[in-house]
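Novice: What follows is a structure written as structure tokens; I'll ask about it next.
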Amino acid sequence: MEITRDIIPEGNVNRPGARNSCRYITVHETANAKRGADACAHAGYVKKLRERTSWHYTVDDHSVYQHLPDEEKSYHTSSATANENSIAIELCVNADGDFRKTVDNAVWLVRQLMKKHGISAEYVRTHKEWTGKQCPATLLSGGWKEFVTRISAEEKKSITVSELRAMGYSEIKL
Ligand SMILES: [Zn+2]
């Protein structure tokens, strides 16, 4: 998977240039079911927006677009804390897209960002967790738990002594 950088121009109202601490990753869905409303289309859209709405990445079933540098604040929720401390990802839900593949690509992207910024799975949130908005709607109606399991799967690099014992390694000098 490649990330296409298509960055919002400096000075746009939706690119304030302020700092994002990158402590969290926030997952959204575009809620745009129109055919053709893929990542490329949203990259064009967010660059032309003249209001305080923006996010960092859009993922569809065949591509990932980046709209802002990770370390810059975006306007993806009504919560200043969320906007100043999280990398925002939008999943496309266009009718002509394969949402399962979009989720696969989002898992890939979230893992990349977790590694890059040292973010653990418990800091990967839904939009809903910040403000109560029903977003990402499709994943919240089924699939969010699995999403978290999938991004957590590769996270575990070390194993604890008690876990080793539970696995039957009691003879090993721990
Ligand atoms: Zn959202």
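Novice: What pairs in Lys47/Lys101; Lys101/Lys133; Lys73/Lys128; Lys34/Lys101 have C-alpha atoms more than 22 Å from each other?
Specialist: The pairs that break the limit, which is 22 Å between Cα atoms, are Lys47/Lys101; Lys101/Lys133.
Novice: Here's another thing I want to ask about it. Express as a percent, rounded to the nearest 5, the fraction of DSSP beta bridges in region 3-166 (both residues included) that run antiparallel.
Specialist: Roughly 20 percent of the beta bridges in region 3-166 run antiparallel, per DSSP.
Novice: Explain nothing, just compute: Karplus ³J(HN,Hα) = 6.51 cos²θ - 1.76 cosθ + 1.60, θ = phi - 60°, for every residue of region 27-40 in order, whole Hz, x for Gly and Pro.
Specialist: 9, 10, 10, 5, 6, 10, 8, 4, 4, x, 7, 9, 5, 4
Novice: What is the extension gain from Glu51 to Asp6, computed as 0.36 nm multiplied by their sequence separation minus the C-alpha to C-alpha distance, in nm to one decimal?
Specialist: In short, 14.4 nm is gained.
Novice: First check a/c for the chain, with a ≥ b ≥ c the square roots of the eigenvalues of its C-alpha gyration tensor; if it is under 1.5, answer rounded, and if not, answer prolate when a/b is larger than b/c or oblate otherwise.
Specialist: The shape class here is prolate.
Novice: Mind checking which aspartates and glutamates have their C-alpha under 17 Å from Lys145, skipping anything on the same chain fewer than 8 residues away?
Specialist: Glu29, Asp104, Glu122, Glu129, Glu154, Glu155
Novice: Scan around Val124 for amide H atoms under 5 Å from its own, H built in the peptide plane at 1.01 Å from N, and keep only partners 5 or more places away or cross-chain.
Specialist: Ile25
Novice: Tell me which residues come under 5 Å, amide H to amide H, from Ala31 once H is placed; ignore anything under 5 positions away on its chain.
Specialist: Amide H neighbours of Ala31, under 5 Å, 5+ apart: Val93.
Novice: So what's the gap between the Cα centers of region 98-132 and region 25-66, to the nearest angstrom?
Specialist: Rounded to whole Å, the Cα centres lie 15 Å apart.
Novice: While we're on this one: Cut-off 10 angstrom, C-alpha nodes, Gaussian network model of the chain. Which of Glu90, Glu122, Glu72 fluctuates the most?
Specialist: Glu122
Novice: Given the options Leu91, Leu113, Leu49, which has the most mean-square fluctuation in a GNM of the chain, springs set between C-alpha atoms less than 10 angstrom apart?
Specialist: Sorting by GNM fluctuation, first place goes to Leu49.
Novice: Quote the charge dipole size of the chain about the Cα centre in Debye, to the nearest 20; the model charges only the Cβ of Lys and Arg (+1) and of Asp and Glu (-1).
Specialist: My answer is approximately 300 debye.
Novice: Ser21's amide H: which non-local residues (gap 5+, or another chain) put their own amide H closer than 5 Å, with H modeled 1.01 Å from N in plane and none for Pro or chain starts?
Specialist: Excluding prolines and chain starts, which carry no amide H, the hits are Asn85, Ser86.
Novice: Rank Val27, Val103, Val64 by mean-square fluctuation in a GNM of the chain with C-alpha springs under 10 angstrom and give only the top-ranked residue.
Specialist: Among Val27, Val103, Val64, the largest mean-square fluctuation in the Gaussian network model of the chain belongs to Val103.
Rule-based calculations on the coordinates, nothing more; no lab input. Bear in mind the structure is a predicted one, so any value in this text is a computation, not a measurement. Backbone-built Cβ (ideal geometry, glycine too); neighbour counts: all protein chains shown.
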